[in-house]
Amino acid sequence: MLNLTSNLQKSALLVTLYLDKFRKDYGVTQPEAYVLAVLHVRGETSIRNLHQTLGHKPSTLTSILDRLVARGFITRETSQTDRRSFNVELTLAGTVPAAAIRAALHSLENKIVRRSVSADIRGITRVASTLEEVIISTRRAE
């Protein structure tokens, strides 16, 4: 069987390869690229929100954010409304790679949508959501 999981793995690898240009241009990895793209879309956001959106383990997300702060692409500040929480935001230097990454991902998504029917897109969304549910419930049971 393994067709579904191998297709998911291959798709993830292809997106990583697609984003490799940004490693060369800006020194950002694929997980860092996604953080920058999300911040470009949402603006200032909480680390909790990033975790919910991207699904990284908290320690992994912290490492990603540490690297982006060190490069001067984002700031991480204590939340004004809850001092136990932190918000992250793009810096001026981070806006350039974030905009390029967001545009590239938008372009890729548009190309996929143009070659697909809406039922395909809904199906992919359902599969991704189901995968998340299955993995999370499996990890909780362990």
Report summary line: Of the conditions (1) of a type in the set (D, E, K, R); (2) surrounded by 16 or more Cβ atoms within 10 Å (Cβ to Cβ); (3) part of a loop (DSSP other than H, G, I, E, B), the single one that residue 67 does not satisfy is (3)
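Here is a yes/no grid of residues against (1) of a type in the set (Val, Ile, Thr); (2) modelled with pLDDT under 90; (3) touching a Lys or Arg at 6+ places or on another chain (Cβ under 6 Å); (4) more than 13 Å from residue 98 (Cβ to Cβ):
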residue	(1), (2), (3), (4)
16	yes, no, no, yes
21	no, no, no, yes
43	no, no, no, no
47	yes, no, no, yes
61	no, no, no, yes
64	yes, no, no, yes
67	no, no, no, yes
76	no, no, no, yes
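Every residue, every condition in (1) loosely packed, with under 12 Cβ neighbours inside 10 Å; (2) under 22 Å from residue 12 (Cα atoms), yes or no:
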position	(1), (2)
43	yes, no
56	no, yes
63	no, yes
94	no, no
97	no, yes
125	yes, yes
Query raised in the report: Of the residues 17, 50, 39, which is over 12 Å from the mean Cα position of the chain (by Cα), part of a helix (DSSP H, G or I) and closer than 26 Å to residue 130 by Cα?
Result: 17
Query raised in the report: Out of curiosity, is residue 60 out of contact with any Ser or Thr (no Cβ under 7 Å at 6 or more places or on another chain), among the hydroxyl-bearing types (Ser, Thr, Tyr) and within 18 Å of residue 91 (Cβ to Cβ)?
Result: no
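Results for (1) touching a helix residue (DSSP H, G or I) at 6+ places or on another chain (Cβ under 8 Å); (2) at positive phi, shown as yes or no for each residue.
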site: 30; (1), (2): yes, no
site: 33; (1), (2): yes, no
site: 37; (1), (2): yes, no
site: 44; (1), (2): no, no
site: 48; (1), (2): no, no
site: 51; (1), (2): yes, no
site: 56; (1), (2): yes, no
site: 66; (1), (2): no, no
site: 72; (1), (2): yes, yes
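For region 23-40, state whether one or more residues are among the basic types (Lys, Arg) and closer than 23 Å to residue 126 by Cβ. Quick ask: steps written out before the conclusion?
Here is the first cut: in region 23-40, the ones among the basic types (Lys, Arg) are 23-24.
After this cut, where a residue has to be closer than 23 Å to residue 126 by Cβ as well, the list is none.
Among the residues of region 23-40, not one is among the basic types (Lys, Arg) and closer than 23 Å to residue 126 by Cβ, which makes the answer no.
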Query raised in the report: Which pairs have Cβ atoms under 7 Å, sit 6 or more apart or on different chains, and link a residue in region 69-80 that is over 14 Å from residue 26 (Cα atoms) to one that is among the hydroxyl-bearing types (Ser, Thr, Tyr) and not in a strand (DSSP E or B)?
Result: 75/91; 79/85
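Results for (1) more than 18 Å from the chain's Cα centre (by Cα); (2) modelled with pLDDT of 90 or more; (3) farther than 22 Å from residue 7 by Cα, shown as yes or no for each residue.
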residue	(1), (2), (3)
73	no, yes, yes
84	yes, no, yes
127	no, yes, no
134	yes, yes, no
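The values are calculated or read from the model by the stated rules, or taken from the named source; none is laboratory data. Bear in mind the structure is a predicted one, so any value in this text is a computation, not a measurement. When we count neighbours, we look across all protein chains shown, and the Cβ atoms used for this are built from the backbone with ideal geometry, even at glycine.
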